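The values are calculated or read from the model by the stated rules, or taken from the named source; none is laboratory data. All of these numbers come straight from a predicted model, not from anything done at the bench. Every residue, glycine among them, receives a Cβ derived from its backbone with ideal geometry; neighbour counts consider all protein chains shown. Accessible surface areas use protein heavy atoms only, side chains included; no ligands, DNA or RNA. Shrake-Rupley method; radii C 1.70, N 1.55, O 1.52, S 1.80 Å.
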Amino acid sequence: MGPTAPAGEPPAADEPGGAGGAPRLLLGPLLRYVNADSATVWVETDRPCEVAVSADDAVVREPTWTVHGHHYALVVLTGLPGAAELPYEVHLDGAPVWPDPAGAFGPSVIRTFRHDETLRLSFGSCRQCADVGPRGLKDFGADALAALAARMATTPHEEWPDALFLAGDQIYADDPSPALTARLKKAHPPSRRRRWPARAEVRHFEEYTWLYHETWTEPAVRWLLSTVPTVMVLDDHDLRDDWNTSLSWRRRMERQPWWPDRVTGAFASYWVYQHLGNLSPRELGEDEMFALVRTAGDDDRRTRALDEFARRADDEPSSVRWSFFRDFGDSRLGIRLVVVDSRCSRRLDPGNRAMVDDADWRWVAEHALTPREGERIGHLLIGTTVPFLLPHGVHHLEGWSEAVASGGAWGRGAAWFAERVRRAVDLEHWAAFRQSFDALVDLLGAVVRGPEPPASVLVLSGDIHSSYTARARLRGVEHPATAVHQLTMSPFRNPMRLVVRLAHEALERPAVRRFWKRMALLAGVGEEGIEWTVQHGPWFTNGVMTIDIAGPRASVEIDRAEVNGGRQHLRRAVTAELTGGATHPAASTSAGPSPLS
């Protein structure tokens, strides 16, 4: 296997793999879409070349395409045998580059889906890039994805996750690692004429590639992403903390001189590095931008078209749909994941705020309610980066903040104060977009009242740097056949600061919860059409959750990422039934702050 360039650093002309040498694999392979008979594999290379992916008896060759001087390919394999484990290889211009013969994790494998009613889906969010030396482990703790890879290396394939949902903040454009911060400061020398508060932040497409290279080249994580199919969606740190919290926040950002390049780079790189792999082979065949980058003969034309697409995605959110769905397995009892874009298509008009615009919401509702022909949706998973059901104290505070800051319930002075509170403590989840919160409650009602309701509706979220599970019941709707849960896992690796954790814990004290509920009612916030109870957590440590589905049964496994003897590993905290009542704690699981926290 040829050498791999350091993260974000293209090879120099006199290095192996530089000008005149063999092409090199800079990033990937990432195994993205997999179903019963097809798969997609994404790579970035150091120069234009032919990428070949071989699995079983299939060999698919695809030329790279180039934007912003970077070279990519998304290889689509079809006609694969079902329920199979297929080791695969990657060649560039005929030379093998993957798997790495010196790697510690063995070959990468495509596992096509089984014709049954089972699924193991791991998920979480918020992974800050930091070293794994003593200082990095002390400051950021164990990396849950690296620990998941370490567990997989010693367990049977049957115990591996079938898919991995990365629920936002895969990268931190506004808070990069110390190493990348130093590189950015060097690239952005201070100006005597103008102070740039974002000097140590990512500004454009090229610098976004540095983030992805740094984040996805850690050996354990690289192997994990080459072996477990991934779905992923962006959240606020892809641009900046609190992105699209409110109209006043948006207007303030739009006045910054660096904002247009940041937005263009963010959406263009997201499309390349994350969004494309969310699409099925059929959807890829229908995607006009994908067709353009593969067929346009001019690199400058590709780059201009992608940048125009990215700017339009921000100026006209309805011009692109980042929400997507994925059906798992191939059976009568389908398992569907609908991932909602909870950030880009927000409507921020103070009198008509919405988490999701009307067109995107119609698409979400249609795919939550309509199964594939000949199937029914046996389990409905709804992915949203920001939690739908928060711990109650935070929920009521967010409802109050929206009513006062955007609704003007208590006048202009109170609105000014509530807006500052909203931005200071990130009050931007579904509870702070009450119109959309109620719409999601109504959608859940339609799902559970359907002629063949699913056994479970599981809302999967991250973002808030704490983890918990909550069981919910719709008011005025009997749904004994359908269990409804909020499952929140955050972070993979970015633990909450102590002062913020103490604030969260204070908000959940009974007296404080009652106070903010009263304040929300006084501000005109109505009663919710749903009630919920936090069953497990919250925890404030790095970790990962895994949903285990078998027929009508669903359970959740909650693992904490720890360091032991300098090695990162996962320790089981809780295994809980979601469609029944049994819980198998590996540690205390009482509601409220846990000994694990």
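Residues in the stretch 226-258 that are part of a helix (DSSP H, G or I) and either closer than 18 Å to Ala354 by Cβ or open to solvent by 30 Å² or more (accessible area, probe 1.4 Å) (or both): Asp236, Leu247, Ser248, Trp249, Arg250, Arg251, Arg252, Glu254.
Listed here are the residues, each with its yes/no results for (1) surrounded by fewer than 18 Cβ atoms within 10 Å (Cβ to Cβ); (2) part of a loop (DSSP other than H, G, I, E, B); (3) aromatic (Phe, Trp, Tyr).
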| residue | (1), (2), (3) |
| --- | --- |
| Glu505 | no, no, no |
| Ala511 | yes, no, no |
| Ala520 | no, no, no |
| Gly524 | yes, yes, no |
| Gln535 | no, no, no |
| Thr541 | no, yes, no |
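Residues of the stretch 89-120 that are outside any strand (DSSP E or B), modelled with pLDDT of 90 or more and small (Gly, Ala, Ser): Gly94, Ser108. With respect to the conditions (1) touching an Asp or Glu at 6+ places or on another chain (Cβ under 8 Å); (2) over 20 Å from Ala431 (Cβ atoms); (3) open to solvent by 10 Å² or more (accessible area, probe 1.4 Å), Gly529 lacks only one, and its number is (2). The single condition among (1) open to solvent by 10 Å² or more (accessible area, probe 1.4 Å); (2) of a type in the set (A, V, I, L, M, F, W, C); (3) over 30 Å from Pro101 (Cβ atoms); (4) part of a helix (DSSP H, G or I) that Leu184 does not meet is (1). Exactly one residue out of Glu201, Glu214, Glu207 is in a loop (DSSP other than H, G, I, E, B), among the acidic types (Asp, Glu) and crowded, with 19+ Cβ neighbours inside 10 Å: that is Glu201.
Looking only at the stretch 407-440, which residues are over 27 Å from Thr488 (Cα atoms) and touching a residue at least 24 places away in the same chain (Cβ under 8 Å)?
Step one: of the stretch 407-440, the residues over 27 Å from Thr488 (Cα atoms) are 407-417.
Gly407, Gly408, Ala409, Trp410 - these are the residues of the stretch 407-440 that are over 27 Å from Thr488 (Cα atoms) and touching a residue at least 24 places away in the same chain (Cβ under 8 Å).
Within the stretch 456-467, the presence of a residue that is open to solvent by 10 Å² or more (accessible area, probe 1.4 Å) and over 27 Å from His569 (Cβ atoms) is excluded.
Within the option set Arg127, Arg151, Arg120, Arg111, being open to solvent by 10 Å² or more (accessible area, probe 1.4 Å), under 30 Å from Trp258 (Cα atoms) and of a type in the set (D, E, K, R) holds for one residue only, Arg127.
Considering only residues of the stretch 329-380 that are in a helix (DSSP H, G or I) and in contact with a strand residue (DSSP E or B) (Cβ under 7 Å, 6 or more places away or on another chain), which is most open to solvent (accessible area, probe 1.4 Å)? Top of the filtered list is His367.
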